[in-house]
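The values are calculated or read from the model by the stated rules, or taken from the named source; none is laboratory data. Not measured: the values here are computed from a predicted model. Please note: Cβ atoms are built from the backbone with ideal geometry, for glycine as well, and neighbour counts cover all protein chains shown.
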Amino acid sequence: LSLHRIEELRRMSRTDRHLDIGAATSIRAITRAGPKMLPSILSGCLPAICPFTLRGLATLGGNICIWEVSRTGTAALNALGALVEIRRPGKGRWVPMPRFRSAGGLSLEREEVVTRIRIPLEPHDVGVFESLGPNLSFCAAARREKGNIDDIRIVLGTGTPWIIRDRELEAELIGRKLPMGPREIETTANRIATMAQSDRFPFNPLDIYRARSVTAHFLRALGEPSTRFLPRTYGKRKNSLARRGGLDL
């Protein structure tokens, strides 16, 4: 069943409150919208979804609908608080991304199709996406208010049916005074790394090191002036956050 010729599924629109992307909109078309229209996490994520030669065919809707594994777009859309519109004849519903894609598979019933992805344009002043390896990606968003963490989301994509996200940890970080102390940063980064060491994930020691390092760097940078929020490299990765469009200040 091909949906590419259905114009409604290939539209993009933006309001002051959200960005809507049709499920059949190609990665190339989304990319062409540019950083002024797209959240930085999404801008950074798109090049990692597929090779350049396939961006005219691949879609964001297709990326999140692969049954067996969670692909690159899943972690990014979780960090962005995205909603997925699902329709069937005579009926439609909106499903939050964490409920749409779980370890048990997709929240799709018989005769249902994904038609649209809605990304709330929440006022996060820092948004980061970084591909750390073949199966590992780091997505994070935060809002700083009066020297404190007002909101924060940290999500790791794993290339498995699961993502790594600790909502209890995020709740504990809200309200923390910036800059965070070295011990606080180390404890938080180790907690993320410990989750990544689960047997369900195909990570090697270098992947665990990268996950711990990028988490620690992100938390340290939250306490620095925006002009000092500089990218780093992890392991052998040489593409920086800013150069790849994955950093929003």
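Points worth noting:
- Test: residue in segment 187-195 that is of a type outside the set (S, T, N, Q), at pLDDT below 95 and either assigned to a loop (DSSP other than H, G, I, E, B) or over 18 Å from Glu130 (Cβ atoms) (or both): no
- Checked against (1) outside any helix (DSSP H, G or I); (2) modelled with pLDDT of 95 or more; (3) under 29 Å from Gly133 (Cα atoms), Trp94 passes all but condition (3).
- Per the listing Ala33, Ala29, Ala48, the residue uniquely in contact with a helix residue (DSSP H, G or I) (Cβ under 6 Å, 6 or more places away or on another chain), under 23 Å from Pro120 (Cα atoms) and small (Gly, Ala, Ser) is Ala48.
- Matching helices (runs of 4 or more DSSP H) fully within segment 10-85 where at least 1 residues are within 15 Å of Leu136 (Cα to Cα) and touching a residue at least 60 places away in the same chain (Cβ under 8 Å): 40-49, 72-79
- Taken together, Gly92, Gly73 contain a single residue that is surrounded by fewer than 21 Cβ atoms within 10 Å (Cβ to Cβ) and either over 13 Å from the mean Cα position of the chain (by Cα) or within 16 Å of Ala23 (Cα to Cα) (or both), which is Gly92.
- Criterion: surrounded by 13 or more Cβ atoms within 10 Å (Cβ to Cβ), among the charged types (D, E, K, R) and over 15 Å from the mean Cα position of the chain (by Cα) - qualifying residue of Arg118, Arg176, Arg153: Arg176
- Residue within segment 99-108 that is touching a residue at least 12 places away in the same chain (Cβ under 8 Å) and assigned to a helix (DSSP H, G or I) present: yes
- Test for Arg101: is it crowded, with 23+ Cβ neighbours inside 10 Å, over 21 Å from Pro35 (Cα atoms) and basic (Lys, Arg): yes
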